[in-house]
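Worksheet for the structure shown next.
The values are calculated or read from the model by the stated rules, or taken from the named source; none is laboratory data. Just so it is clear, the model here is predicted, and its values are computed rather than measured. Glycine gets a Cβ as well: all are built from the backbone with ideal geometry, and neighbour counts include every protein chain shown. The area values use the complete protein model at the heavy-atom level, side chains included, leaving out ligands, DNA and RNA. Shrake-Rupley method; radii C 1.70, N 1.55, O 1.52, S 1.80 Å.
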Amino acid sequence: MKKFILILAAAMGLALAASAQPKAVGVRFGWGAELDYQHYLGGENFLEGSLGLGSFKNSYFSAVATYNFMIARPDWTPRGNWGFYAGPGAGVIFTNDFAAGGVVGLAGLEYTFWFPLQLSFDIRPALMIGGDGIVTNGILNFGLGIRYAF
């Protein structure tokens, strides 16, 4: 019974800590459209995950996750927050012809308004290795993100 109470208390503590962190959910437009989720980890660093559909050689499905470091928060406007971020990650892509996986990087600029809207512009270079060898199309993927920040 003591173990059960301890496990229950730990689970509730983790759930409370996770719900207290800022998050953002929305879409990212690059080579295709992606559902995008950001989860801040206590400080200014955050995890970002994207699930996408698009036309990369053929129709495709992709999943990418990155760990981003907030590099700078310039004070350019009296309201809202700017941020420069960059980080490493991993991704997979599935097309009609092959599947590939590899490393990705992400570097971007975001603006979070004083109301719950976040806009971002980023570049996400990728090096994918799959059935056709090294995949080079889409190695520089520019994107525009629109998210609801909460």
First in segment 83-110 and within 18 Å of Val25 (Cα to Cα), second anywhere and open to solvent by 40 Å² or more (accessible area, probe 1.4 Å) and not in a strand (DSSP E or B), Cβ under 6 Å, 6 or more apart = Gly83/Arg73
ask   = Any idea which residue in segment 64-92 is surrounded by the fewest Cβ atoms within 10 Å (Cβ to Cβ), counting only those that are over 17 Å from Gly143 (Cα atoms) and among the β-branched types (Val, Ile, Thr)?
value = Thr77
request  = Report, by residue number, each residue of segment 93-105 that is in contact with an Asp or Glu (Cβ under 8 Å, 6 or more places away or on another chain) and surrounded by fewer than 19 Cβ atoms within 10 Å (Cβ to Cβ).
outcome  = Asp97, Phe98
remark   = Within segment 18-52, the residues that are in contact (Cβ under 8 Å) with a residue 24 or more places away in the chain, open to solvent by 40 Å² or more (accessible area, probe 1.4 Å) and assigned to a strand (DSSP E or B) are Val25, Val27, Phe29
ask   = Quick check: anything in segment 114-133 among the polar types (S, T, N, Q), open to solvent by 20 Å² or more (accessible area, probe 1.4 Å) and either out of contact with any Leu (no Cβ under 8 Å at 6 or more places or on another chain) or over 19 Å from Ala33 (Cα atoms) (or both)?
value = no
